[in-house]
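For reference, the structure is listed below as structure tokens.
Just so it is clear, none of the values below were taken in a lab; they were calculated from the coordinates. Worth saying up front: this structure is predicted, and the values here are computed from it rather than measured. Virtual Cβ from ideal backbone geometry, glycine too; neighbours counted across all protein chains shown.
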Amino acid sequence: MSNPPVPFIVRKLRGNPGKRPLRNAPEPALLPECPKPPPFLSPYAQDEWWRVGPQLWTLGLLTTLDVSPLAAYCHAYGTWREAAEALERVAACDEAMRGLLIKTQDGNSRRNPLIKIAADAAADMIRFAAEFGLTPIARTRIAQGIHQQPPSKFAGLLAGSDEGDSK
């Protein structure tokens with residue numbers, strides 16, 4: 001399985017560890033300021049937009065073409081949060097199963113659909129979050145090459161350093 005192409009801004013942030021010439025690929029226009037969330041987003045989704053959007057914009061990771069993917073991430077977050085809260089309300093009224101099972105019309109038990117809704121939204125949210133570097137692993141991948149390692153104590157030996165020479 002091959003890795004997806006890395007955006008130019010991310011390659012530049014990494015410090016070009018492969019040392020191949022960086023070609024400035026066509027990049028979408030940067031926005032003059034962090035855009036407002038689309039009006040169709042739920043209040044929870046809009047809160048998430050304002051939590052992450054300005055940081056992404058500051059890093060140059062929120063361009064004109066990134067507004068819709070960010071809206072999709074925020075929508076998934078809003079759906080996950082609403083489903084999780086609804087499940088918690090059901091659980092508060094059901095001490096035996098904590099809302100994990102519900103009774104069907106024919107009296108059988110089955111898994112509460114809220115569990116699947118929350119799980120699906122969480123999976124979508126994590127997938128979108130990784131695209132923006134919002135997960136620890138994604139940040140680690142971006143950060144590789146940004147923070148240079150301190151020189152080792154042997155770094156000067158091969159470079160012909162005169163530090164250790166005594167006269």
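Return the loop-located trypsin sites (Lys or Arg not before Pro) in segment 22-111 (DSSP other than H, G, I, E, B) with at most 11 other Cβ atoms within 10 Å of their own Cβ; answer none if there are none. Filter output for segment 22-111: Arg23.
Between the DSSP loop rule and a limit of at most 13 other Cβ atoms within 10 Å, which chymotrypsin sites (Phe, Trp or Tyr not before Pro) in segment 33-81 are left? Let's see the in-between values first.
Details: sites: Phe40, Tyr44, Trp49, Trp50, Trp57, Tyr73, Tyr77, Trp80; in loops: Phe40.
Passing sites in segment 33-81 are Phe40.
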